[in-house]
Structures are given as C-alpha cells and as structure tokens.
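Data first, discussion second: the structure below is written as structure tokens.
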Amino acid sequence: MDASLAPDRRREADYARDLGRAFGGALLFSLPLLMTMEMWWFGFILDGVRLTAFLLLSLPLLVGLAYYAGFSARHRGLGHALLDTFVALAVGFITAAIVLALFGVLEPGAPPRQIAGQIVLQAVAGAMGALLAGRQLSAGESEVGEEEQAAYPGELFLMVAGALFLALNMAPTEEMILIAYRMTAVHVTALVAVSLLVMHAIVYRVGFAGQEESDRPLAAFVHFTLAGYGLVLLTSLYVLWVFGRTEGHGLAEIVDAVVVLSFPGAIGAAAARLLV
C-alpha cells in the first residue's frame, strides 16, 4: 500500500468518527424535544415569519458555538467554524427527520410546510448537540480540550447558547405557562434571587468539573453572573416570542413567564461555561 495514502485514510477515519459523535450528540441533546408533543404542534402552527427568524437567528449562535467548541477539535478558525455549522445543521436535520418519522409524527400526506416546520424546530437543538459532541462524547481524548479559552464576550455568548438550549426544552410546554400563572410577586422575586444564586454556585462554588475560581468574587458576580442573567432574561423573552407565548398577555404576565423560563435558562447558561 502506498504510504502516502495512510494520512488521507487516517483523516477519513477521524472525520467518520467525528461525524458519528455528531449524530450521537444530536440525538442525545434533541431527544427530549423530539418526544415532546407541543414541539410537534408548534412545527406547523407557527407562522413563517417566526420560524424563519428562529432559523436565521440560530445561525450566528451555531457559528459561535462551532468556533468555541468545534465539530472537530483538530481544526480551529472561522472558516472551519462555518463548515462545522453547516455539517452540524445537516446532522440536526437528518436526525430530526429520521426520529420523527420513526415516531410517526411526520405524516406522509401532510403539506410540505408542516413537515418542514416540524423538522426545523427540532434541527437547531440537534445541531447544538452535534457541535458539543466533540467535548461531551470524546472519552477524554487529549485533542479535545486544547481549544482556546473564550474571552469575556465569548463567555457571555456561551451563556446565551446554554440558556437557549434549556429554554427550548421548556418554552413549548403548557406547564411553564401554568407555573407563571400561579406565581405571586413574592414568588417571582424569590425565583430571580434563587436563579442568580444557583447560576453563580454552579460555576464558582459547588465543585463541578470545570468549575472556575475567582479571587474577586464580587467582580465575578457582577461581570459574569449578573450580566449573564440579564442575557438569559433576553434569551427567554426571545424564545417566548418565537412560540407565540407573548401574544395576548399583559406586561406583568410576560415578565412572570420570562422569569420562570429564565430559571432553567440560568442553569443552562452556567453549565455552558463549564462544558465548553
């Protein structure tokens, strides 16, 4: 065998392994959504404007996630991040289509708009899982984890990505709206305080893998936890808008729903800083 072919075959084998991880990550991260009835309905209930906005606004988020996490940890840079993003989206679409078809959710005689809507909503979460697969499913290989640490804007960005992922799992459900309806002003205030406490503790206090340390706890709380929670609130409001949860509600009701959704969003934001 020609020795010059060995590096090419090694690269092909490595890429096939990365691709396998991507599909595994897409399935792992998107399975809760794929098995959520509300997501099936929202796929064809949502109007085209919201669905298109959701997909288009997800693209820069996925590019950023690809830049910091990477579909393949051996390659870095914006060019590779763009390529990884399109590969991850393809993985997300394929995974969503296959699983929804297996579950009988995709009806053979349904209009193309309905099928496309159901797949699009699910594919974004799958793409996020595909991009995170290198870190989460790499069995601790040394090649993963040598990436550069994100600077301050990058860390805030990663918090938005983590918040979006968990918010997507909760926003479509009726239980989230029911919780917001049952809460009083005291409950809402307490939930904000608990969200901040949990968010800060996950990153700095309780000893999770990847936990960060800071010799300036107050500055860390203001610059990361407080600023991150503000972005979590905005992310939650955006997700509620996508699913039409802000229509027909007063300002107080919307604020309650945003705070409720920001509780899991804050946990997702904190976890994203540890995992990526």
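The values are calculated or read from the model by the stated rules, or taken from the named source; none is laboratory data. Because the structure is a prediction, the values reported are computed rather than measured. So basically every Cβ, Gly included, is an ideal-geometry build from the backbone, and we count neighbours across all protein chains shown. Note: accessible area is taken over every heavy atom of the protein model, side chains too, but ligands, DNA and RNA are not part of it. Shrake-Rupley method; radii C 1.70, N 1.55, O 1.52, S 1.80 Å.
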Against the definition (surrounded by 12 or more Cβ atoms within 10 Å (Cβ to Cβ), within 28 Å of Gly129 (Cβ to Cβ) and modelled with pLDDT under 85), how does Ile202 come out, yes or no? yes
Tell me, which residue of segment 166-199 that is within 25 Å of Leu218 (Cα to Cα) and without any contact (Cβ under 8 Å) to a residue 60 or more places away in the chain is nearest to the chain's Cα centre (by Cα)? Leu197
Test Ala139 against the criterion of being modelled with pLDDT under 90, open to solvent by 20 Å² or more (accessible area, probe 1.4 Å), in a loop (DSSP other than H, G, I, E, B) and at positive phi, and give yes or no. yes
Reported set for segment 244-257 where residues are at pLDDT below 90 and in contact with a helix residue (DSSP H, G or I) (Cβ under 9 Å, 6 or more places away or on another chain) is Gly244, Arg245, Thr246, Glu247, His249
Determine which member of the set Leu33, Leu27, Leu56 is closer than 17 Å to Met128 by Cβ, touching a helix residue (DSSP H, G or I) at 6+ places or on another chain (Cβ under 6 Å), assigned to a helix (DSSP H, G or I) and open to solvent by 60 Å² or more (accessible area, probe 1.4 Å). Leu27
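Residue-by-condition table, conditions (1) open to solvent by 60 Å² or more (accessible area, probe 1.4 Å); (2) polar (S, T, N, Q); (3) at pLDDT 85 or above; (4) part of a helix (DSSP H, G or I):
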{"position": "Trp41", "(1), (2), (3), (4)": "yes, no, yes, yes"}
{"position": "Arg76", "(1), (2), (3), (4)": "yes, no, no, no"}
{"position": "Met128", "(1), (2), (3), (4)": "no, no, yes, yes"}
{"position": "Glu143", "(1), (2), (3), (4)": "no, no, no, no"}
{"position": "Leu156", "(1), (2), (3), (4)": "no, no, yes, yes"}
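Quick grid of which residues meet (1) assigned to a helix (DSSP H, G or I); (2) over 24 Å from Thr184 (Cβ atoms); (3) open to solvent by less than 30 Å² (accessible area, probe 1.4 Å):
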| position | (1), (2), (3) |
| --- | --- |
| Thr235 | yes, yes, yes |
| Tyr238 | yes, yes, no |
| Gly244 | no, yes, yes |
| Glu253 | yes, no, no |
| Val259 | yes, no, yes |
| Phe263 | yes, no, no |
| Ala269 | yes, yes, yes |
| Arg273 | yes, yes, yes |
If I ask for residues that are open to solvent by less than 40 Å² (accessible area, probe 1.4 Å) and under 19 Å from the mean Cα position of the chain (by Cα), which ones from segment 12-24 would you list? Arg21, Ala22, Gly24
